[in-house]
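The values are calculated or read from the model by the stated rules, or taken from the named source; none is laboratory data. As the structure is a computational prediction, the values presented were derived from the model and not from experiment. No Cβ is skipped: glycine too gets one built from the backbone with ideal geometry, and neighbour counts run over all protein chains shown. These area figures cover heavy atoms from the full protein model, side chains too; ligands, DNA and RNA do not enter into them. Shrake-Rupley method; radii C 1.70, N 1.55, O 1.52, S 1.80 Å.
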Amino acid sequence: MFGISPLGWVHTLGSLPAIPLAVYMFARYGRIVPRSRPGAVYFVSMLIGAATVFLVAHQSVSYGIGAATIVLLVAGYGVGRLSGLGRAKRFIETVCLSLTAFLLMVPTVTETLRRVPDGHPLVTDLNSPLLLGSQASLLVILIIGLTAQIIHLRRQGKTAAGRHY
């Protein structure tokens with residue numbers, strides 16, 4: 001079905017939970033929260049998807065997306081354990097993990113449009129206006145979302161700093 005190999009299904013189904021978890025955390029907290037139950041499942045799901053892409057990818061860009069996702073995922077989940085970064089930790093964590101969600105959605109949207117409906121996909125050409133528009137929309141959502149997250153984090157920081165005086 002959909003021209004997906006058994007290993008491709010492991011990749012797809014392994015990473016699939018990350019999508020609703022990211023949506024939930026963005027809606028509830030305004031960001032991906034690594035030290036939470038949904039955050040832990042998001043990490044595992046993203047790691048499965050990013051690691052298995054090396055086994056199923058057919059395009060070289062997929063390897064770059066997989067590697068970047070793993071680096072950003074580890075950085076986003078690991079930065080909270082570092083000392084000496086102060087408030088910058090939350091900014092780095094938020095940006096890194098938002099980028100992982102973006103890197104998940106670009107190939108998800110691309111592959112969905114190229115495979116659905118089965119046998120007669122909506123997109124057959126990588127330069128399709130529908131595909132390029134969808135990818136551009138994801139980029140706009142990323143830019144607006146990161147901007148809103150950074151503004152929110154800065155306001156939280158100013159409010160917290162104001163309470164100390």
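So here's what we get for this one:
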quantity	calculated
Of residues in the range 68-98 being open to solvent by less than 40 Å² (accessible area, probe 1.4 Å), of a type in the set (V, I, T) and closer than 23 Å to P20 by Cβ, the one farthest from the chain's Cα centre (by Cα)	T94
Residue list for the range 115-138, filter: under 27 Å from A27 (Cα atoms) and free of Cβ contacts under 8 Å to residues at least 24 places away in the same chain	L130, L131, L132, G133, A136, S137
Y24 open to solvent by 70 Å² or more (accessible area, probe 1.4 Å), closer than 30 Å to P117 by Cβ and either of a type in the set (A, V, I, L, M, F, W, C) or not in a loop (DSSP other than H, G, I, E, B) (or both)	yes
L99 being within 21 Å of I144 (Cα to Cα), hydrophobic (A, V, I, L, M, F, W, C) and part of a helix (DSSP H, G or I)	yes
Odd one out for L55, checked against (1) more than 29 Å from R155 (Cβ to Cβ); (2) in a loop (DSSP other than H, G, I, E, B)	(2)
Yes/no for V10 being touching a His at 6+ places or on another chain (Cβ under 9 Å), more than 28 Å from A148 (Cβ to Cβ) and either surrounded by fewer than 13 Cβ atoms within 10 Å (Cβ to Cβ) or in contact (Cβ under 8 Å) with a residue 24 or more places away in the chain (or both)	no
So G84, is it in a helix (DSSP H, G or I), at pLDDT below 95 and under 25 Å from R154 (Cβ atoms)	no
Unique residue being aliphatic (A, V, I, L, M), touching a Gly at 6+ places or on another chain (Cβ under 8 Å) and in contact (Cβ under 8 Å) with a residue 24 or more places away in the chain when the list is L153, L97	L97
Hits in the range 114-131 (condition: touching a Leu at 6+ places or on another chain (Cβ under 8 Å), open to solvent by 20 Å² or more (accessible area, probe 1.4 Å) and part of a helix (DSSP H, G or I))	R114, L130
Selected residue (only one of F2, F102, F43 is without any contact (Cβ under 8 Å) to a residue 40 or more places away in the chain, open to solvent by less than 70 Å² (accessible area, probe 1.4 Å), within 30 Å of L126 (Cα to Cα) and not polar (S, T, N, Q))	F43
Filter result (open to solvent by less than 70 Å² (accessible area, probe 1.4 Å) and closer than 27 Å to I143 by Cβ) within the range 27-40	G30, R31, I32, V33, P34, S36, P38, G39
